[in-house]
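Colleague: Supplied in structure tokens, the structure appears directly below.
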Amino acid sequence: FVPSVESAERLFSSEEGVAYENLAGFDRVAQRGADRVSEDLTTLSGMETSVDIRRVSFIALDAIPGAVPKDEVASVAFSFDGMPSGYLLFLYDRYSARKLVETMVGEEPEAGLGEFGRDALKEASNIMASGLLDGWANVLETSIDHSTPAFAWDMGPAAVDPLIVGLSDDQEFAFVFDTRIEAADAAFDVGVYVIPDEHDLERALEAVDLDRVDSATANAD
């Protein structure tokens, strides 16, 4: 479903909807957050990374598992509260998880990463989560707090099921900010899924100060 620009603008400019300019502004905010995650990942891994693919999807909650990799992945999930609130998920394929841990701790991790390796991956994800969410908060002039990281080693769809359950009582659809970040040598990649509460996101969109979108720092405080 790909609406025309004109019809999308009418939809988001109606009295019941969100101003189209604010939606476009928040899209730029999300892009800057993705750039921040890429910068943090470059610092942590020592490998130059870049944002390769990013899209913002408005999909039914039960369709989200179909949008993630079907293979076994290491996942690190966070809930976040503020304006907006929701869930943040980092997905690493088996090789990428081991590669990041190896670059952080200086030695090859044991099978399944081991407790030390899992702690390292959670800490890396924690740093990236802080950078992304603090960047959003700076632009929105609000505060966003996130939980401690929750680690899982499972198939991709199973990793998102708890997030969907957490939102399903209040909404049927979600905006999914789907970011894929890759190392320059294509040896490393991470999928970043931000799934905000739709009601909070609507209020955040209405509060976007377009003058701050390009002037506010995206760096974490």
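The values are calculated or read from the model by the stated rules, or taken from the named source; none is laboratory data. A quick note: this is a predicted structure, and the numbers were derived from the prediction, not measured. All Cβ positions, glycine included, derive from the backbone under ideal geometry; neighbour counts span all protein chains shown. In case anyone asks, the SASA skips ligands and DNA or RNA and just uses the protein heavy atoms, side chains included. Shrake-Rupley method; radii C 1.70, N 1.55, O 1.52, S 1.80 Å.
Colleague: Counting heavy atoms of the protein chains only and a 1.4 Å probe, report the per residue accessible area for the range 82-198 as a whole number of Å². Walk me through the numbers on the way to the answer.
Modeller: Working: 4860 Å² over 117 residues.
Per residue, the range 82-198 has 41 Å² of solvent-accessible surface.
Colleague: GluC sites (Glu not before Pro) within the range 60-167: which are DSSP loop residues with at most 14 other Cβ atoms inside 10 Å? If you can, show how the numbers build up before the last one.
Modeller: On the way: sites: Glu72, Glu102, Glu107, Glu110, Glu115, Glu123, Glu141; in loops: Glu107, Glu141.
Those satisfying the criteria are Glu107, Glu141.
Colleague: Loop only by DSSP, 14 or fewer other Cβ within 10 Å of the Cβ. Give me the trypsin sites (Lys or Arg not before Pro) in the range 55-104 that pass, ordered by residue number. Walk me through the numbers before you get to the answer.
Modeller: On the way: sites: Arg55, Lys70, Arg94, Arg98, Lys99; in loops: Lys70.
Listed in order of number, the matching sites are Lys70.
Colleague: Tell me, what is the 1.4 Å probe accessible area of His199, in Å² to the nearest 10?
Modeller: Only protein atoms counted, so the area is about 80 Å².
Colleague: On to the next question. If you average the C-alpha positions of the range 111-126 and of the range 61-76 separately, how far apart do those two centres end up, in angstrom?
Modeller: Using only Cα atoms, the two centres lie 20 Å from each other.
Colleague: For the range 95-173, what class follows from the C-alpha gyration tensor (a ≥ b ≥ c being the square roots of its eigenvalues): rounded when a/c is under 1.5, otherwise prolate if a/b is larger than b/c, else oblate? Present the calculation step by step, with values, prior to reporting the outcome.
Modeller: On the way: a/c = 3.07, a/b = 1.41, b/c = 2.18.
Here the range 95-173 falls in the oblate category.
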